[in-house]
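Peer 1: Take this structure first; my questions come after.
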Amino acid sequence: MLMKTGSTKARARLKALVWCGVAVAVAAAIGAGSVIWKQAKIDMPVAKPGQDSAALIERGRAVALASDCVACHTSEASKPYAGGMAFDTPFGRLYSTNITQDPVNGIGTFTDAEIVGSVRNGISQHGRRLYPAMPYTSYTGMSDDDTLALVAYLRTIKPIDSKPPENTMGFPFNQRWAMAFWNVMNFQSGRQLPVAGKSDEWNRGAYLVQSLEHCGECHTPRNFIQGFSHPNLGGGNLVTWRAYDITSGQSGIGTWSDPELFTYLKTGAVHGKANAAGPMAEAVENSLNHLPDADLHAMVAYLRDLPVTGTPSLVPARTGQGQAYTGTTALRASHPQYDPDSDALGAEVMFNANCATCHAVTGKGVGEYPRLFGNSVLGAVEPTNLVSVLLRGVHRKVDGQEVFMPGFANLSDAQLATLSTFLFKQFGNSQVQVTAAEVAKLR
């Protein structure tokens, strides 16, 4: 009798647990469904009566520049906004879409609400979910006035009949409907509002950094499913490039002056400190360089106010490390042989043959060619950006002035590893050792 009673109680407890589990699951499903519904709701801005269409389009052009639309949606200069730019992600390769007014391959048949949904909600025509390579996770903060202006401008882009390649995402990542659940965990929709107690300049800078310029998409760490992680703007991994910490600590912009930050955003270069390459060079060339000076000053004011990440005393400043090289005279006096096919070439020989002509034998730089010692790339704690610069070179055109450095992809992995290690040891963070395997991974 006692055993029967105990068994009955056990079954009752199990039944209660099952019903509790069901209740929790139902509540979670309702909660997730509510979030999905809210995130999918398109808040269509209302146009102001009597608004000048030419002024609206011009404002939209400025919004498109600030949002750097052309950089991602252009793979061929002769076909602006026609898409086809490749993005390699941990889950496969994506290609940007055609956003010209072409009715077949572009957005010519999109309603205004469908364009707004694509930009601020990540939901395209016919409810098609977008991947967050399209930074709707940042653009969701775009104001109603800027969104209406952007739509008006996009309507003026001439149609280009060009179909981007198909994405190569494997299962289950090719199931776009699943992005609804990714959004539940990683996306918070809504406009970016001014922060009380902060100046107009600070709030303008916050809006530009967080929403339009979407700096966090590159400069914020990602979690294992590629959603934003922490700390905000504390540095991000772009596979073959590293977007550095841009908070106010010494591992970020703490050692930079306000004029230096402004100059870097405007031109992509601060002598002795940094030269923009890769995605940052594109951001400067296509977007930041076109902003009004007041907007750049606003961005500086906001970035300067960001909290320090990490433990400052444990993180060296990326600038100001290294020293000039003084061994060139003795090296050349020894008449070293340069065999381009040998992986046993000495590091100093490789520097003399490949770098010294432009960057000077001491590394102090010549004209537009940057100084190496003190450079922020060589002061980094890991080699990603230096190796990518050596492999891919630098190309940046600002205000008609072109900056160019050839890549050295012709060098072997071992040769580039030897050269990179020397550059770090002599001109930057001497603790960084580069291996051939690291070069091969970034190649």
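Computed from the coordinates by the stated procedures, all read-outs in this text should not be read as laboratory data. All values derive from a computational prediction rather than experimental measurement. Neighbour counts are summed over all protein chains in view; Cβ atoms, including those assigned to glycine, are modelled from backbone coordinates with ideal geometry.
Peer 1: Pairs LYS163/LYS397; LYS163/LYS441; LYS364/LYS425; LYS79/LYS441: which are spaced more than 26 Å apart, C-alpha to C-alpha?
Peer 2: Violating the 26 Å Cα-Cα cut-off are LYS163/LYS397; LYS163/LYS441; LYS79/LYS441.
Peer 1: A further question follows. Return the loop-located trypsin sites (Lys or Arg not before Pro) in the stretch 40-138 (DSSP other than H, G, I, E, B) with at most 15 other Cβ atoms within 10 Å of their own Cβ; answer none if there are none.
Peer 2: Those satisfying the criteria are LYS41, ARG128.
Peer 1: Using unit Cβ charges (K, R positive; D, E negative) and no other charged atoms, how large, in debye to the nearest 20, is the dipole of the chain about its Cα centre?
Peer 2: For this selection, approximately 1960 debye.
Peer 1: Where Lys and Arg each count +1 and Asp and Glu each count -1, what net charge lies around THR319 among other residues with Cβ under 12 Å from its Cβ?
Peer 2: Residues near THR319 contribute +2 overall.
Peer 1: The stretch 334-387: which chymotrypsin sites (Phe, Trp or Tyr not before Pro) are DSSP loop and have at most 15 other beta-carbon atoms within 10 angstrom?
Peer 2: Loop-located and lightly packed - TYR338.
Peer 1: Continuing with the same structure: Using Cα pairs closer than 8 Å and at least 6 residues apart in sequence, work out the relative contact order for the stretch 328-442, in percent.
Peer 2: It comes to 24 percent, rounded to a whole number.
Peer 1: On to the next question. Restricting to DSSP H runs of at least four residues, report the calculated mean residue ellipticity at 222 nm for the chain, -39500 (n - 2.57) per run over all residues, nearest 500 deg cm²/dmol.
Peer 2: Computed mean residue ellipticity for the chain: -12000 deg cm²/dmol.
Peer 1: Oh, and also: Considering the chain as a Gaussian network with a 10 Å cut-off on Cα pairs, which listed residue, VAL209, VAL104, VAL63, attains the greatest mean-square fluctuation?
Peer 2: Between VAL209, VAL104, VAL63, it is VAL104 that shows the largest mean-square fluctuation.
Peer 1: Sticking with this structure for a sec: For TYR338, what charge total do you get from the other residues with a beta carbon under 15 Å from its beta carbon, if Lys and Arg give +1 and Asp and Glu give -1?
Peer 2: Around TYR338, the surrounding residues sum to -3.
Peer 1: Just in the stretch 51-146: which GluC sites (Glu not before Pro) are loop by DSSP and have at most 13 other Cβ atoms within 10 Å?
Peer 2: Counting only loop positions with at most 13 other Cβ atoms within 10 Å, the GluC sites (Glu not before Pro) in the stretch 51-146 are GLU76.
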